[in-house]
Amino acid sequence: MSNLLIEYQYFGSINYINTLFHFSNIEFEVYESFQKMSFRNRMVLAGSNGLVTLSVPLEKGRDQKQPIQDVRISYSLPWQQQHWRTIESCYNRSPFYEFYRDGLERIFSSRPVYLLDLNRDIQQWLWRVLKVPAGFSETSSYQTQIPENSFDARNRWMPKNFQSDDASIRYRQVFEDRIGFQPNLSILDLLFCMGPSAHSLLKGNVLSI
């Protein structure tokens with residue numbers, strides 16, 4: 001199969017990003033309904049005391065039933081500053097934090113209205129820094145019939161099961177000596193710990209999906 005259908009995620013998990021390396025064409029679903037309890041508006045990092053979940057707050061809350069294109073980000077609380085401080089606290093001693101800091105600060109200082117726009121911006125940044133070899137596009141309607149040469153990975157990795165994969169990439173993590181190795185965290189964990197070599201790790205690791 002050469003084509004992958006998948007959702008946008010908020011700094012997607014390592015296995016989610018890993019999958020993008022093994023298809024020649026990536027199609028992002030932009031006509032779905034918002035899915036609560038997903039990585040569309042959350043990511044998981046590793047802190048000194050365990051896993052840390054960061055969520056982008058949404059207008060009307062997470063239980064809304066509307067097209068993903070209409071989901072608005074809430075700025076009633078300073079969530080961007082909170083996310084950035086948490087990232088800094090978790091990774092300011094990692095080998096490659098400074099290497100990616102400026103690009104991430106730009107993302108966290110912007111104020112997109114829609115969640116989809118935020119995730120698009122993040123994905124484009126990741127595409128550049130990771131040098132993802134695939135081409136990408138977006139759906140023109142909701143995909144219910146999947147062509148034979150395509151694989152549907154929408155909702156493949158969710159917060160309820162994201163650490164259940166056996167083929168996760170192993171690497172040295174910041175707090176591994178305290179909390180043990182934590183598989184399939186946000187791609188930020190791999191980038192901060194491994195830097196540019198993340199590309200070869202993702203390219204060389206083939207997941208069974």
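Read phi for every residue in the stretch 182-192 and hand back ³J(HN,Hα) as whole Hz from Karplus 6.51 cos²θ - 1.76 cosθ + 1.60, θ = phi - 60°, with x for Gly and Pro.
Rounded to whole hertz, the list is 10, x, 6, 6, 4, 4, 4, 4, 5, 5, 5.
Which of the three applies to the stretch 167-209, rounded, prolate or oblate, going by the alpha-carbon gyration tensor with a ≥ b ≥ c and a/c under 1.5 meaning rounded?
Values: a/c = 2.28, a/b = 1.37, b/c = 1.67.
Oblate shape, in that a/c is at least 1.5 and b/c is the bigger or equal ratio.
Hey, got the dipole for the chain? About the Cα centre, +1 on K and R Cβ, -1 on D and E Cβ, debye to the nearest 20? Walk me through the numbers on the way to the answer.
Values: 22 positive and 21 negative charges, 83 e Å.
So the dipole magnitude of the chain works out to roughly 400 debye.
How high is the FRET efficiency from Q145 to S2, r the C-beta distance, R0 25 Å, rounded to 0.05? Show your work: numbers first, answer last.
Working: r = 17 Å, r/R0 = 0.69.
Computed FRET efficiency for Q145 and S2: 0.90.
Alpha carbons only, please: Rg and Dmax for the stretch 54-165, in angstrom.
When restricted to Cα atoms, the stretch 54-165 yields Rg and Dmax of 16.6, 47 Å.
Once phi is turned into θ = phi - 60°, what whole-Hz ³J(HN,Hα) does the Karplus curve with 6.51, -1.76 and 1.60 give for every residue of the stretch 88-100, x standing for Gly and Pro?
Result, rounded to whole Hz: 4, 5, 6, 10, 5, 9, 6, x, 10, 4, 5, 4, 10.
Per residue, how large is the accessible surface of the chain? Use a 1.4 angstrom probe and give square angstrom.
Numbers: 9890 Å² over 209 residues.
Value returned for the chain: 47 Å² of accessible area per residue.
Would you mind calculating the gained length between N92 and S76 on full extension (0.36 nm times residue separation, minus the Cα-Cα distance), in nm to one decimal? Before the final figure, lay out each step's value.
Details: separation 16, 0.36 × 16 = 5.76 nm, distance 2.73 nm.
Here the segment from N92 to S76 would lengthen by 3.0 nm.
Kindly provide the GluC sites (Glu not before Pro) of the stretch 1-102 that DSSP labels as loop, not H, G, I, E or B, and whose Cβ sees at most 16 other Cβ atoms within 10 Å.
Loop-located and lightly packed - E59.
What do you get when you divide the Cα radius of gyration of the chain by 2.2 N^0.38 Å, with N the number of residues? Don't jump to the answer; show the numbers that get you there.
Details: Rg = 16.4 Å, N = 209, 2.2 N^0.38 = 16.8 Å.
After normalising by residue count via 2.2 N^0.38 Å, the value is 0.98.
Return the long-range amide H neighbours of Y114 (sequence gap of 5 or more, or a different chain), with a cut-off of under 5 Å between placed amide H atoms.
I73
For W157, list long-range residues whose amide hydrogen, built 1.01 Å from N in the peptide plane, is under 5 Å from its own amide hydrogen.
HN-HN under 5 Å from W157: empty list.
Could you list which residues have their amide H under 5 Å from that of A46, counting only those 5 or more apart in sequence or on another chain, with H placed in the peptide plane?
For A46, the qualifying residues are V52.
Using a/c under 1.5 as the rounded threshold, could you call the stretch 1-80 rounded, prolate or oblate? The axes a ≥ b ≥ c are square roots of the C-alpha gyration tensor eigenvalues, and prolate needs a/b larger than b/c, oblate otherwise.
Oblate is the answer for the stretch 1-80, as a/c is 1.5 or above yet b/c matches or exceeds a/b.
Each residue of the stretch 73-83 in order: what ³J(HN,Hα) in whole Hz does its phi give by Karplus 6.51 cos²θ - 1.76 cosθ + 1.60, θ = phi - 60°, with x for Gly and Pro?
Karplus-based 3J(HN,Hα) across the stretch 73-83 equals 7, 8, 10, 5, 10, x, 5, 5, 5, 5, 5 Hz.
Counting only protein heavy atoms, what percent of the accessible surface of the chain is carbon or sulfur at a 1.4 Å probe? Let's see the in-between values first.
Numbers: 4610 of 9890 Å².
Its accessible area is 47 percent carbon and sulfur atoms.
Count the DSSP beta bridges whose two residues both fall in the chain, then state the antiparallel fraction as a percent rounded to the nearest 5.
Details: 10 of 22 bridges.
Of all bridge pairs located within the chain, approximately 45 percent are antiparallel.
Mind jotting down the distance between the C-alpha centroids of the stretch 1-67 and the stretch 129-203, whole Å?
What the calculation gives is 10 Å, centre to centre.
The values are calculated or read from the model by the stated rules, or taken from the named source; none is laboratory data. In this text the structure is predicted, and so the values were computed from the model without any measurement. All Cβ positions, glycine included, derive from the backbone under ideal geometry; neighbour counts span all protein chains shown. Side chains included, ligands, DNA and RNA excluded: accessible areas come from the protein's heavy atoms. Shrake-Rupley method; radii C 1.70, N 1.55, O 1.52, S 1.80 Å.
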